[in-house]
Amino acid sequence: MELVLESLRADWEALLRFAPRLFYGLALLLVFVLVGRLGGRLSARILRRTSRFRTHEAFFQHAVTWTIGSVGILLALGLMGFQGVAASLLATGGVMAIVLGFAFREIGENFLAGLLLTFSRPFEVGDLIKSGDLTGSVRAIELRYVHIRTFDACDVFVPSAKIFREPLYNYTRDGLRRPSFTVGIAYHDEPEAVVALLEKSVARINDVLAAPRPYVSIKEFGAHYVEYEVFFWLDVTKSERGFIAVRNDVKINCWRALRDAGMTFSTDVSTALEIKGVPALEISLERSG
C-alpha cells in the first residue's frame with residue numbers, strides 16, 4: 001500500500017511540476033488559434049476588395065487559419081517539453097507531402113498552376129480567350145480548372161496546368177479588338193476610289209474607333225478581281241452593339257456604298273466583268289445578189 005501511495009504522490013508532484021508548462025502551452029495554442037481565425041477573416045476581407053482573388057477567398061481564409069494554427073500546435077508541444085513529438089510531426093508531414101505529391105501528381109500540378117494563375121492573372125472572368133484549339137469566354141476561375149463557355153454553348157472545364165503550359169491568347173484584356181474582312185472588286189474600278197470609299201464607309205459606324213483609324217489594304221491581285229482587306233478597331237467594353245453586330249454593320253455599310261457607287265464586287269467580279277474602253281462588237285449581214 002505504501003508503494004502505491006508513493007507512486008501516486010510522485011505522479012502528483014510530477015503533474016504539479018508539469019502543470020505550468022501545460023497551462024502555458026494550452027494558452028499559447030489558444031492564442032494562435034484565435035490569431036489564425038482573425039488572420040483568416042482579415043485576409044478574406046482584404047481579398048474581397050480585390051476582384052483578382054475574390055473567387056479564391058474561402059481557400060485563402062482556410063489556408064491562413066490552418067497555417068497559423070499548425071504553427072501554434074508545434075510551438076505549444078515544444079513549450080510543454082514534447083520537442084520529439086513536434087519534430088516527428090514535422091518529419092511525418094514532410095513524408096506525407098512527398099507521398100501525396102507522387103500519388104496525386106496531376107492534382108497537385110493543377111493546384112500549383114491554379115495558384116500561379118491566380119497571382120499572375122492573365123485573364124479575368126468574362127474575357128474571351130484562346131488556349132490550344134479551344135476558344136470561348138471565361139465563366140469561372142478555380143484552382144484546379146478554368147470554366148470556359150465556347151461559341152457553340154458548350155461548357156468546358158480545362159485543367160489549370162493545361163492552360164498554364166500552352167500559349168494563351170486574350171482578346172479582351174484591354175477591350176480593343178481589330179476585326180477584318182476581305183472583298184473582291186473588279187479591275188476596272190479605280191483602286192484609289194475603292195480604298196477611299198471603303199475607309200469612309202467603315203468610319204461612319206458609331207462603335208468603330210477613330211483612333212486607331214480604319215484602313216484598307218490591297219491584299220492580292222487575283223485572276224478576276226482585286227482583293228481588298230478592311231481593318232478597323234472597336235472597344236468591346238464600351239460598344240453598345242457588340243463585336244459581331246458591329247462587324248455586320250460595317251460589312252453592310254460597305255456593301256451599300258459599293259452598290260450605290262456602281263462598282264462590280266463579290267461574285268460579280270468573276271462572272272460579269274465589264275471592261276471599260278472595249279468597243280461594242282457589231283455584226284451585220286449583207287444579202288448577196
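Residues checked against (1) closer than 23 Å to S239 by Cα; (2) at pLDDT 85 or above; (3) not hydrophobic (A, V, I, L, M, F, W, C); (4) not assigned by TED's automatic domain parsing to the domain that holds L234:
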position: M96; (1), (2), (3), (4): no, no, no, yes
position: G108; (1), (2), (3), (4): no, no, yes, yes
position: L134; (1), (2), (3), (4): no, yes, no, yes
position: R149; (1), (2), (3), (4): yes, yes, yes, yes
position: A161; (1), (2), (3), (4): no, yes, no, yes
**Hits in region 54-84 (condition: more than 28 Å from R121 (Cβ to Cβ), touching a helix residue (DSSP H, G or I) at 6+ places or on another chain (Cβ under 8 Å) and either modelled with pLDDT of 75 or more or surrounded by 16 or more Cβ atoms within 10 Å (Cβ to Cβ) (or both))** = G69, V71, G72, I73, L74, L75, A76, L77, G78, L79, M80
**Prompt:** Among the residues of region 166-192, which ones are touching a residue at least 12 places away in the same chain (Cβ under 8 Å) and part of a helix (DSSP H, G or I)?
**Reply:** P191
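Listed residues R213, R204, R177; which is surrounded by 12 or more Cβ atoms within 10 Å (Cβ to Cβ) and modelled with pLDDT under 90? Walk me through how you get there before you give the answer.
Details: R213 fails: modelled with pLDDT under 90; R204 fails: modelled with pLDDT under 90.
Testing whether each residue is surrounded by 12 or more Cβ atoms within 10 Å (Cβ to Cβ) and modelled with pLDDT under 90 leaves just R177.
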**Prompt:** What is the number of the single condition among (1) at pLDDT 70 or above; (2) under 20 Å from F32 (Cβ atoms) that A87 does not meet?
**Reply:** (1)
**Fill in**
Only unsatisfied item for F265, checking (1) at pLDDT below 85; (2) out of contact with any helix residue (DSSP H, G or I) (no Cβ under 7 Å at 6 or more places or on another chain), is (2)
**Request:** Mind listing whichever residues of region 18-53 are farther than 24 Å from G78 by Cα, surrounded by 13 or more Cβ atoms within 10 Å (Cβ to Cβ) and either modelled with pLDDT under 70 or in contact with a Gly (Cβ under 8 Å, 6 or more places away or on another chain) (or both)?
**Result:** L47, R52, F53
**Prompt:** When both residues are 6+ apart or on different chains and their Cβ atoms are under 6 Å apart, which pairs have a first residue that lies in region 219-237 and is in contact (Cβ under 8 Å) with a residue 60 or more places away in the chain, and a second that is of a type outside the set (A, V, I, L, M)?
**Reply:** D235/G175; V236/T172; V236/G175; V236/R177; V236/F243; T237/G175
**Complete:** Within region 217-232, the residues that are over 20 Å from A245 (Cα atoms) and in a strand (DSSP E or B) are S217, I218, K219, E220, F221, V226, E227, Y228
**Request:** Would you confirm whether any residue within region 221-238 is buried (at least 16 other Cβ atoms within 10 Å of the Cβ) and of a type in the set (S, T, N, Q)?
**Result:** no
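The values are calculated or read from the model by the stated rules, or taken from the named source; none is laboratory data. For clarity, every value in this text was computed on a predicted model and none was experimentally measured. Glycine gets a Cβ as well: all are built from the backbone with ideal geometry, and neighbour counts include every protein chain shown.
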